[in-house]
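Just below is one structure, and these are the notes that go with it.
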Amino acid sequence: MVFISTCRSFWDCGSVALDDISLNLGDCDLTAGFLSSSFSGHCDFESGLCGYTQDKRRDSADWQRRRGSTPTSYTGPRGDHTIGLGYYMYIEASPMLPGQSARLLSRPVRGTRGPQCLRFYYHMYGSRTGELRVLADKDGEEELLWQRSGEQSIAWLRAHVGYQSQRQHQIVFEATRGSSVRSDIAIDDIMLESGPCPDMEVGDTVGSSNEIE
């Protein structure tokens, strides 16, 4: 690789400088955790929403940022996943009608030819809990990446979601209220990185490409 600087003439020759050059084999890729110039790949909701926004056009309720337990008994987490005393995002099922949903949107994420890994923790505890889905929204065209429905555990669970998208997109967390008011759904500690998820291969089906722990 050669860098060449030329002058237009003897009288028209400015200064040129180079710095911090890196050369690697393979396709250019994005640095893990910085998939967009305006979107941080990690969010624990301790300092705010990290650029996530409510989808006012396509949902009927909002995600809420909260610390401690949720107002309704026998549903929701007792605290956040990160430190137990911090913040998380959740839907409060009591004011919602069965089947209504809330959608949380990430800032735009740049596409890449390589695999990407979305990791997060979720909490689905309560009688007749509804559904939690994760989608990739590509200018209105949505791809389902992951989903769970019904009561899962009284504890926080971890999900690994491997996917691939060459187009700019937004990550969507969509929670749908179940038939009972005891169907709060929560998420926390979201991490979006470039590269495959641990012990996973991109291209697996929605059902088998997501690890629960």
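Across the protein chains, with a 1.4 Å probe defining accessible surface, the residues T53, T70 rank T53, T70 from largest area downward.
Computed over neighbours whose Cβ is under 9 Å from that of D188, the net charge equals -3, Lys and Arg +1, Asp and Glu -1.
Counting only Cα atoms, the size of the stretch 30-151 along its three principal axes is 45, 32, 23 Å, in decreasing order.
Ranked by solvent-accessible area (1.4 Å probe, protein heavy atoms only, all chains present), the residues H81, H160 order from largest to smallest as H81, H160.
Residues of the stretch 103-142 falling in the label zone of T53, defined by backbone nitrogen less than 16 Å from a point 7 Å along Cα to beta-carbon, are 103-110, 137-140.
Largest first, the residues D189, D19 sort by 1.4 Å accessible area into D19, D189. The equivalent ellipsoid of the stretch 80-201 has semi-axes of 26, 17, 12 Å, largest first, where each one is the square root of 5 times an eigenvalue of the Cα gyration tensor. What you get for the stretch 58-205, charging only the Cβ of Lys and Arg (+1) and of Asp and Glu (-1), is a dipole of about 320 debye around the Cα centre. Each label point was placed 7 Å from the Cα along the Cα-to-Cβ direction; for Q164 and V16 their separation is 3.8 nm. Solvent-accessible surface (1.4 Å probe) assigned to W63 amounts to roughly 10 Å².
The values are calculated or read from the model by the stated rules, or taken from the named source; none is laboratory data. Quick caveat, the model's predicted, so the values are computed rather than measured. Ideal geometry is used to build each Cβ from the backbone, glycine not excepted, and the neighbour counts take in all protein chains shown. Please note that ligands, DNA and RNA were not included when accessible areas were found on the heavy atoms of the full protein model with its side chains. Shrake-Rupley method; radii C 1.70, N 1.55, O 1.52, S 1.80 Å.
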